[in-house]
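J.: Mind looking over this structure? Questions follow.
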Amino acid sequence: MPVYEYNCRACGRRVRLFMSFAEYDRAAPTCPHCGSAELKRRVGRVALGRPEGERLDRMMDGGAFDGLDEDPRAMGRFMREMSQEMGEDMGDEFDEVAGRLAAGESPESIEQSMPEMGAGE
């Protein structure tokens, strides 16, 4: 089922809606966070149709894991690259963690400041 992405002009959040092509033609989407109908359509990421195994093999070539255990920046870059390679938006929490790692923050510090992370496990 297609994913339609919007920015809510009222609350500023990113909105992802799943609907069929037929539903999209007659839909009047609203923000699930604030209920506003002031949504601006975003152009989503285009995913290439490659087998998952090929994408993962490509990621592992060239020392993709080099430095991950010592350098938070390398881990943040790897997380972003993996998300892009898989062609999926991993959500706001993932983006925040990857960004903080890429900025050099330690995983331990991030975990302490985000106790809700992984709470469902």
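The values are calculated or read from the model by the stated rules, or taken from the named source; none is laboratory data. Quick caveat, the model's predicted, so the values are computed rather than measured. All Cβ positions, even for glycine, are placed from backbone atoms using ideal geometry, and neighbour counts span all protein chains on display.
J.: Of the conditions (1) farther than 23 Å from R42 by Cβ; (2) of a type outside the set (A, V, I, L, M); (3) modelled with pLDDT of 70 or more, D69 satisfies every one except a single condition; which number is it?
T.: Of everything listed in (1) farther than 23 Å from R42 by Cβ; (2) of a type outside the set (A, V, I, L, M); (3) modelled with pLDDT of 70 or more, D69 misses just condition (3).
J.: Under 8 Å between Cβ atoms, which residue pairs at least 6 apart in sequence (or on different chains) link something in the range 24-45 that is surrounded by fewer than 13 Cβ atoms within 10 Å (Cβ to Cβ) and of a type in the set (S, T, N, Q) with a partner that is at pLDDT 95 or above and in a strand (DSSP E or B)?
T.: From the range 24-45, no pairs qualify.
J.: Just give me the residues in the range 14-30 being closer than 13 Å to D89 by Cβ and either modelled with pLDDT under 85 or touching a His at 6+ places or on another chain (Cβ under 8 Å) (or both), in sequence order.
T.: Hit for the range 14-30 is V15, nothing else.
J.: Suppose we filter the range 72-105 for residues that are loosely packed, with under 13 Cβ neighbours inside 10 Å and modelled with pLDDT of 85 or more; how many remain?
T.: 3
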